[in-house]
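Enquirer: Below are the structure tokens for one structure; questions will follow.
The values are calculated or read from the model by the stated rules, or taken from the named source; none is laboratory data. Predicted model only: the values in this text are computed from it and were never measured. In this analysis, Cβ positions are derived from the backbone assuming ideal geometry, glycine residues included, and neighbour counts consider all displayed protein chains.
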Amino acid sequence: MLPFNAALLVIDLQNAIDHPKWAVHGPRNNPGGEQVVARLLAAWREAGRPILHIRHDSQDPASSYYVHGPGSPFKPEAAPLGSETVVAKSVHSAFIGTDLEARLRAAGIATVVVCGVITNNSVETTVRMAANLGFDVVLVEDGCFTFARPDHAGRLRSAEEVHAMSLANMDGEYCTVVRAVDIL
């Protein structure tokens, strides 16, 4: 059971993630990820629990996440309401160069529930950092997705494989991996 003030962190779920460059090696896993995030947001809103939207504001004009580019806005399924907190970041971790930790501590939040993109990138970096800072972290596996990519030896790994390895790297050491149905 989650504490009542467990905060939902929605990581980088912006239009940028639909840019074709992300799927250059093959399709993403979990095509229903945005709908899972929408259900999580609805549940958190209905319960009056804290929600923090993390927005990647790249300073690189070539990035799909460029702060002034078409990929910068949040996807409709994950768009914050007017009263919800948006934390802008410019690196992979939502804790580096932001006031996220201070906001969570000031609100007395010790548990964060994480969803968003990319599982093996900003999600994993943020989960690891949150755990290292002493937060209790819950990662919603079906509220995240990633893309196929070659491993270090050049062997192409499917998005499912990349996602599964990232979850395996984090579960138990940095977080508890759950499915949305387990917490909704």
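Enquirer: Just name the residue that is farthest from Asp18 (Cα to Cα) out of those in the range 68-96 that are touching a residue at least 40 places away in the same chain (Cβ under 8 Å) and among the aliphatic types (A, V, I, L, M).
Expert: Selected residue: Ala94.
Enquirer: Something else: Which is closer than 21 Å to Val162 by Cβ, surrounded by 15 or more Cβ atoms within 10 Å (Cβ to Cβ) and out of contact with any His (no Cβ under 8 Å at 6 or more places or on another chain), of Gly69, Gly33?
Expert: Gly33
Enquirer: Every residue in the range 137-153 that is part of a strand (DSSP E or B) and free of Cβ contacts under 8 Å to residues at least 40 places away in the same chain, please.
Expert: Initially, the range 137-153 is screened for residues part of a strand (DSSP E or B), giving 137-145, 149-150.
Result: Val137, Leu139, Glu141.
Enquirer: If you go through the range 112-136 one residue at a time, how many are outside any helix (DSSP H, G or I) and buried (at least 17 other Cβ atoms within 10 Å of the Cβ)?
Expert: Number satisfying all stated conditions: 8.
Enquirer: Scan the range 15-22 and give yes if some residue there is assigned to a loop (DSSP other than H, G, I, E, B), surrounded by fewer than 17 Cβ atoms within 10 Å (Cβ to Cβ), more than 16 Å from the chain's Cα centre (by Cα) and at pLDDT 95 or above, otherwise no.
Expert: Yes, the conditions are met somewhere in the range 15-22.
Enquirer: Mind listing whichever residues of the range 60-100 are in contact with a Leu (Cβ under 6 Å, 6 or more places away or on another chain) and within 17 Å of Gly134 (Cα to Cα)?
Expert: Ala94
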